[in-house]
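Chemist: Have a look at the structure that comes next, please.
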Amino acid sequence: QNIHLVAKWLSSLEKKLEQHGKGSHQDFRVFISAEPAPCPESHIIPQGILENSIKITSEAPTGMHANLHKALDNFSQDTLEMCSQEKEFRSILFALCYFHAVVAERRKFGPQGWNRLYPFNTGDLTISVNVLYNYLEASSKVPYDDLRYLVGEIMYGGHITDDWDRRLCKTYLEEFIKPEMLEGELCLAPGFPLPGNMDYNGYHQYIDDVLPPESPYLYGLHPNAEIGFLTQSSEQLLRTVLELQPRDSSDGEGGVGSREEMVKALLEEMLEKLTDEFNMAELMAKVEERTPYTVVALQECERMNILTAEIRRSLTELELGLKGELTMTSDMENLQNSLFLDMVPESWVRRSYPSTASLGSWFADLLARINELEAWTRDFSLPSTLWLGGFFNPQSILTAVMQTTARKNKWPLDKMTLQCDVTKKSREDFASAPREGAYVHGLFMEGARWDAQAGIITDARLKELTPAMPVVFIKAIPDDKQDTQSMYRCPLYKTRQRGPTYVWTFNLKTKENPSKWVLAGVALLLQV
């Protein structure tokens, strides 16, 4: 709708309401429904209307219990009786309700739930049930594959833009909608079997009686997922509270004086610790042969120079501003606020790499990255183990592993893949790089843990959210040589935000069905 017309109409509505407020029937009421505005500019309901009205909001239900009841509320006893293949129709309809509740409520677990947020709605569920009805009426056999495809790739999948989220959606349907569901052998969650043939009220009663209490298990997730998301919510809340603190109270403690002194001390310390930029001309002269590895090292040094130059420039400028030798600009004030609030300043973030760390940890991490590059560029020989998380562009070093092997063995690059062997050792146990490929340290696993003795993925321990991985041996092999049996295709991300920080996919050995790890949102991370 045109927002200007609505704004105009609302002000005339306000006047009309004032007129009718006097002398109208005592039971006269006006009901207005509104949806959340997408941005502050759309907050156009006049103050007068808001102040004189009783406001009621409809909150989406939380938890599986409420969501499953709500999904079932879209149907009735008549719906359950409308299909000639009654038993099949009822079982699949209930499974679809559970699926709908799970995908809607899983978002509360943040990036471990879904990489991106999607607007799943009741229309997706009711259309899926219509499709189910039409298919069952047209065929005596239940077309499981077709149903899963239509629901997972079109009805719900139509919203999904991320490949890993698509895999998750597909896996839920493979677990919930399959021939075993009619043999009474299917559990929608641990301790929650798919109910048999019941009437409409019976299903609601079944949810009340049998559905276990709310927990990550109902979604196929590990209990740690809840700890993670609650911790992140708390941190977000505390950060917001910190940002709301008054910034210009001049009374002693926490006042401007001590605030400026604190920022001054911090920026002096940072400028002192920040090393000189890499001398690119000298490094180029040292390189005898531009191998894929040296190209990556030089690119990383260039990126690092851009970042450290900006850090030095902005800190020096602010230092002069605080001394009164330069006029304070809004950029300098923003930098001062960031330093005070222990946040990475905006102009640094733009030239940096994805990170969720506070400024203190971020700066320590930056110095460690510089150290690593200095050691590597002394003689450009590949470090005994690579800290993959220390790269601006981790993909480049992984691609370099493939290029180096391809050149050596004269293999076509597009017919190759990376194999990931998890060793039983830590980085101290490696004195030199492998003859082919690279050893990589500093990976973490979220959603599960690695059992080094058995060499497989296994359930995480409670309260260990991101256990460290042993050193991983990465080497390039021809596509057709890779082992795909009993493997979980595990995505590697730069940070716990996942989504756009995706780096690569590694196959990891598993004794259990890989679908378990898909539902648990298992991923490797470069930093935690």
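The values are calculated or read from the model by the stated rules, or taken from the named source; none is laboratory data. Keep in mind it's a predicted model, so treat the numbers as computed, not measured. Counting neighbours? That spans all protein chains shown, and the Cβs are built from the backbone with ideal geometry, glycine included. Areas reflect the complete protein model, heavy atoms only, side chains present, ligands, DNA and RNA absent. Shrake-Rupley method; radii C 1.70, N 1.55, O 1.52, S 1.80 Å.
Chemist: How long are the semi-axes of the equivalent ellipsoid of the range 383-527, taking √(5λ) for every eigenvalue λ of the Cα gyration tensor, in whole Å from largest down?
Modeler: Numbers: eigenvalues 113, 60, 47 Å².
Semi-axes, largest first: 24, 17, 15 Å.
Chemist: Roughly how many nanometres apart are two label points built 7 Å out from the Cα toward the Cβ at Arg378 and Lys264?
Modeler: The two pseudo-label positions are separated by 3.9 nm.
Chemist: Of all trypsin sites (Lys or Arg not before Pro) in the range 385-436, which ones are in loop regions per DSSP and have a Cβ with at most 13 other Cβ atoms within 10 Å? Please list the in-between numbers first.
Modeler: On the way: sites: Arg407, Lys408, Lys410, Lys415, Lys424, Lys425, Arg427, Arg435; in loops: Lys410, Lys424, Lys425, Arg435.
Those that pass, being in a loop and sparsely packed, are Lys410, Lys424, Arg435.
Chemist: So how much slack lies between Lys323 and Lys8, counting 0.36 nm per residue of separation and subtracting their Cα-Cα distance, in nm? Write out the running numbers ahead of the final one.
Modeler: Working: separation 315, 0.36 × 315 = 113.40 nm, distance 5.18 nm.
Roughly 108.2 nm would be gained on extension.
Chemist: Answer with a single label: of (1) 244; (2) 192; (3) 268, which was calculated as volume of the Cα convex hull per residue in Å³ from the structure in view?
Modeler: Given (1) 244; (2) 192; (3) 268, the calculated one carries the label (1).
Chemist: At 1.4 Å probe size, with the rest of the protein present, what percent of the exposed accessible area of the range 64-223 is carbon and sulfur atoms?
Modeler: Working: 3380 of 6660 Å².
C and S atoms contribute 51 percent here.
Chemist: If you keep only loop residues by DSSP, which trypsin sites (Lys or Arg not before Pro) in the range 467-528 have at most 13 other Cβ atoms within 10 Å of their Cβ?
Modeler: Of the trypsin sites (Lys or Arg not before Pro), the ones in loops of the range 467-528 whose Cβ has at most 13 other Cβ atoms within 10 Å are Lys511.
Chemist: Then there is this: With a Cα-only, solvent-free Debye model of the range 347-398, what are the log10 I(q)/I(0) values at q = 0.22, 0.31 Å⁻¹?
Modeler: These q points yield log10 I(q)/I(0) values of -0.91, -1.35.
Chemist: With a 1.4 Å probe and all protein chains left in place, how much accessible area per residue does the chain have, in Å²? Working shown, then result.
Modeler: Working: 28200 Å² over 528 residues.
Counting only protein heavy atoms, the per-residue value for the chain is 53 Å².
Chemist: May I have the convex hull volume per residue, in Å³, for the Cα set of the range 1-116?
Modeler: So the per-residue hull volume is 204 Å³.
Chemist: So how exposed is Arg239, as accessible area in Å² (1.4 Å probe, rounded to 10)?
Modeler: Result for Arg239: roughly 100 Å² accessible.
Chemist: Dipole of the chain, Cα-centred, from +1 at each Lys and Arg C-beta and -1 at each Asp and Glu C-beta, to the nearest 20 debye? Write down the numbers at each step before the final one.
Modeler: Working: 54 positive and 73 negative charges, 212 e Å.
In total the dipole reaches around 1020 debye.
Chemist: Something else now. For Leu117 and Ile44 in one chain, what is 0.36 nm times their gap in residues minus the Cα-Cα distance, to one decimal in nm? Could you put the intermediate results ahead of the total?
Modeler: On the way: separation 73, 0.36 × 73 = 26.28 nm, distance 2.66 nm.
Separation in residues times 0.36 nm, less the Cα-Cα distance, equals 23.6 nm.
Chemist: Treat each spin label as a single point 7 Å out from the Cα along the C-beta direction, and report the Lys425 to Gln299 distance in nm.
Modeler: For the pair Lys425/Gln299, the computed spacing is 2.9 nm.
Chemist: Sorted by packing (mean other beta-carbon atoms within 10 Å per residue), highest first, where do 285-296, 47-58 land?
Modeler: Top to bottom by mean Cβ count within 10 Å: 285-296, 47-58.
Chemist: Now a separate question. Where does each of 278-284, 301-307 land if you order them by average Cβ count within 10 Å, highest first? If you can, show how the numbers build up before the last one.
Modeler: Details: 278-284: 12.9, 301-307: 17.0.
So the order, starting with the most tightly packed, is 301-307, 278-284.
Chemist: Roughly speaking, to the nearest percent, how much of the range 258-381's 1.4 Å accessible area is carbon and sulfur?
Modeler: On the way: 3140 of 6410 Å².
C and S atoms contribute 49 percent here.
Chemist: Remind me, relative contact order of the range 258-381 in percent, using alpha carbon pairs under 8 angstrom and six or more residues apart?
Modeler: On the way: 79 pairs, mean separation 37.8, N = 124.
Relative contact order of the range 258-381: 30 percent.
Chemist: Please compare each pair in Lys424/Lys509; Lys55/Lys108; Lys264/Lys323; Lys108/Lys516; Lys408/Lys481; Lys425/Lys475 to a cut-off of 21 Å on the Cα-Cα distance and tell me which ones are over it. Don't jump to the answer; show the numbers that get you there.
Modeler: On the way: Lys424/Lys509 14 Å; Lys55/Lys108 26 Å; Lys264/Lys323 9 Å; Lys108/Lys516 19 Å; Lys408/Lys481 17 Å; Lys425/Lys475 17 Å.
Violating the 21 Å limit, Cα to Cα: Lys55/Lys108.
Chemist: Would the range 81-214 count as rounded, prolate or oblate if I go by the C-alpha gyration tensor, calling it rounded below 1.5 in a/c and otherwise prolate when a/b exceeds b/c, oblate otherwise?
Modeler: Details: a/c = 1.82, a/b = 1.24, b/c = 1.47.
Oblate shape, in that a/c is at least 1.5 and b/c is the bigger or equal ratio.
Chemist: Taking 0.36 nm per intervening residue step and subtracting the Cα-Cα distance, what contour gain separates Asn409 from Ser53 on full extension? Kindly include the intermediate steps, with their values, before the conclusion.
Modeler: Numbers: separation 356, 0.36 × 356 = 128.16 nm, distance 7.62 nm.
Length gained, Asn409 through Ser53: 120.5 nm.
Chemist: Of all accessible surface on the range 383-527 at a 1.4 Å probe, what whole percent is carbon and sulfur? Before the final figure, lay out each step's value.
Modeler: Values: 3170 of 6600 Å².
Summing carbon and sulfur atoms, their accessible area is 48 percent of the total for the range 383-527.
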